[in-house]
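Let me begin by presenting the structure, written as structure tokens, before commenting on it.
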């Protein structure tokens, strides 16, 4: 009993479901966290080294993110134990099996995440229909194609610079992780005049103090290459992106890439968290003590879920982008101002914002984490 409920607290999670289907090799976990405000929206992450603990932490991040963004949705997450680089047909088979196994869990809405994409969500749509992040041809707003999360990161960064002593134009940017989030964040920031000096992926770090052509790197990645295939600049070890001297550092990959053991190596003025839970609590505290401003993940990277929620409600792509801009800018400014006024960490200010909204939603229910009302989800 103690082991089964080791993640439990006043917010949730309401459900932890392990999914196994040996005929197709499916091993997965779904965590539905707090759904007091509405059904949970959270991506399906595929990686060989995921875990139930990681799934819970990501689901909780989604609970906080949706609440902070003022969305009528709760937090959830699914993880699939598999290599995301598998053949497209095999990946589709796994996603179809996962969707079928969770057909009756109506308080969870599927969405894309690391290792899954719009094509995967189309498979879910075909099986159970309860999904966001669909291809455009199916009426969706493809999050990765339009760069929804990266769009939000750009606006969060612009607002954060109101609390820094430098401007975006000419600022040196380093991006750790160059998937859908990292590449679009780099693209949008470069369009505003910043200089991308370092990009890291699973195969290494590309560094050029004179600037990197982001479009060239995106083309390399889309053709199956790596950032280290870029024709120019220095090719460094994968973790060397932490050591690069820059003004803005964006973690856009896996959890805990900055931790107590390596955070002292970081040489930057501003960290904008593009990934979910990319920095440990101890590392964030260290950055705060060193005067390095850090915008928390569920404030800075909310663009993806805001777009997903807008799609689920039938909004247009234009309306979704406008909502991302408005909500991310407002919340970034509010959190950083409260943090400065109260002399607390930005994450503490962000948690105050999100938790106040979650507790208010819970207060309207007879049961805090579920409802018996028809059509609740």
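Values computed for the structure shown
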read-out	value
Options 95, 134; residue that is part of a helix (DSSP H, G or I) and touching a residue at least 12 places away in the same chain (Cβ under 8 Å)	95
Some residue of the stretch 259-273 being within 22 Å of residue 46 (Cα to Cα), under 21 Å from the mean Cα position of the chain (by Cα) and modelled with pLDDT of 95 or more	yes
Filter result for residue 215 (touching a residue at least 40 places away in the same chain (Cβ under 8 Å), in the same structural domain as residue 197 (by TED's automatic domain parsing), surrounded by fewer than 17 Cβ atoms within 10 Å (Cβ to Cβ) and within 22 Å of residue 189 (Cα to Cα))	no
Residue within the stretch 141-156 that is free of Cβ contacts under 8 Å to residues at least 24 places away in the same chain and part of a helix (DSSP H, G or I) present	no
Residue that is over 28 Å from residue 143 (Cβ atoms) and touching a residue at least 24 places away in the same chain (Cβ under 8 Å), where the choices are 333, 329, 347, 365	365
Number of positions in the stretch 179-211 that are in a loop (DSSP other than H, G, I, E, B), at pLDDT 95 or above and closer than 25 Å to residue 328 by Cβ	3
Qualifying position, being outside the structural domain of residue 121 (by TED's automatic domain parsing), surrounded by 15 or more Cβ atoms within 10 Å (Cβ to Cβ) and modelled with pLDDT under 95, among 301, 276	276
So residue 175, is it under 21 Å from residue 114 (Cβ atoms), touching a residue at least 60 places away in the same chain (Cβ under 8 Å) and outside any helix (DSSP H, G or I)	yes
Residues of the stretch 18-49 satisfying the condition of being crowded, with 24+ Cβ neighbours inside 10 Å and outside any strand (DSSP E or B)	33, 34, 35, 36
Those residues of the stretch 65-97 which are surrounded by fewer than 24 Cβ atoms within 10 Å (Cβ to Cβ), under 27 Å from residue 310 (Cα atoms) and out of contact with any strand residue (DSSP E or B) (no Cβ under 9 Å at 6 or more places or on another chain), in sequence order	70, 72, 92, 96
Residue identified as free of Cβ contacts under 8 Å to residues at least 60 places away in the same chain and farther than 24 Å from residue 373 by Cα among 53, 21	53
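The values are calculated or read from the model by the stated rules, or taken from the named source; none is laboratory data. As the structure is a computational prediction, the values presented were derived from the model and not from experiment. Positions of Cβ are backbone-derived with ideal geometry, glycine not excepted, and every protein chain shown enters the neighbour counts.
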